[in-house]
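Undergrad: This is the structure, below, for whatever I ask next.
All of the numbers you see were taken from the coordinates with simple rules; none came from a lab. Because the structure is predicted, anything quoted here is derived from the model rather than measured. Positions of Cβ are backbone-derived with ideal geometry, glycine not excepted, and every protein chain shown enters the neighbour counts.
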Amino acid sequence: MGKWPAQSEIVDCRRCPRLVQYREQVARDKVRRFRDWEYWGRPVPSLGGAGARLLIIGLAPAAHGGNRTGRVFTGDRSGDWLYRALYNFGFANQPVSIQRGDGLKLIDSYITAAIHCAPPDNKPLPSEFVNCRPYLLDELQRLKKVKVVVALGLIGFKAYFGARKQLGWPNPVPLPPFGHGLAARLPDGVTVLSSYHPSQQNTQTG
């Protein structure tokens, strides 16, 4: 399936001056270990097809991960963990994601993020969430077959429920709590699984 029009809009987006400046600076002033790479340095599009039944929502690309490779959760420890898990459960055709063009394909799954640009210190501003939300709203409306949503981190969790509210979709009252390994079934039948973000800090500290 070809990319949705919104994906090309994501890649061309320059709505947030702070994020534009940071992602391009990182791409220009490379760290030593990646000095031979041609950094992507743009918003990182989502990955997957509209028929996905599994939706994964993260925070944002890593400065030297997705911002370098141009693929979500690719090029850092978070991606190592995520794609291995997806492969083990049949949602990816290979357990590693190194760079665009490496043959990776998702199976019945879709990965997106609350923010599509790498933010300084991994901390987006409230206005940046607002600017990026239309892309998530568009995706949710197109992903009509989703049955399970995995929210990686509290920010991904809040982004999903905030988008549902904005779309007028039924949310439970009160909202389910966020907690690693918790599951909640929503009024429309979607199951939301919450998980700590698979950052190196989280996965190596238990």
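Undergrad: Highest mean first, how do 81-89, 48-56 rank when packing is the count of other Cβ atoms within 10 Å averaged over residues?
TA: Values: 81-89: 17.7, 48-56: 19.7.
Output ranking for 81-89, 48-56: 48-56, 81-89.
Undergrad: In percent, how large is the relative contact order of segment 5-203, given Cα pairs closer than 8 Å and 6 or more residues apart?
TA: Computed value for segment 5-203: 23 percent relative contact order.
Undergrad: Oh, and also: What size of dipole, in debye to the nearest 20, comes out for the chain about its Cα centre when the only charges are +1 on Lys and Arg C-beta atoms and -1 on Asp and Glu C-beta atoms?
TA: 60 debye
Undergrad: For residue 150, what residues show an amide H to amide H distance below 5 Å, using hydrogens built from the backbone and excluding near sequence neighbours?
TA: Close amide H contacts, sequence-distant or interchain: 55, 56, 57, 193.
Undergrad: Taking the highest mean first, how do the peptides 64-74, 128-138, 155-165 order by number of other beta carbon atoms within 10 angstrom per residue?
TA: 64-74, 155-165, 128-138
Undergrad: Check cross-link reach from residue 123 to the lysines: straight Cα distance under 17 Å, and skip same-chain residues fewer than eight apart.
TA: The reachable lysines, counting only those whose Cα sits under 17 Å from residue 123, are 158.
Undergrad: List the aspartates and glutamates whose Cα lies under 15 Å from the Cα of residue 145, skipping any in the same chain that are fewer than 8 positions away.
TA: In chain and number order, the partners are 108, 188.
Undergrad: Take 26, 96, 190 and order them by how many other Cβ atoms sit within 10 Å, fewest up front.
TA: 96, 190, 26
Undergrad: Which residue, chosen from 55, 41, 22, occupies the Cα position most advanced towards the positive end of the dipole of segment 1-64, where the dipole is computed from +1 (Lys, Arg) and -1 (Asp, Glu) charges on Cβ about the Cα centre?
TA: It is 22, whose Cα lies furthest towards the positive end.
Undergrad: Among rounded, prolate and oblate, which fits segment 99-206 when a ≥ b ≥ c are the square roots of the eigenvalues of its C-alpha gyration tensor, a/c under 1.5 means rounded, and a/b larger than b/c means prolate?
TA: Rounded, since a/c falls under 1.5.
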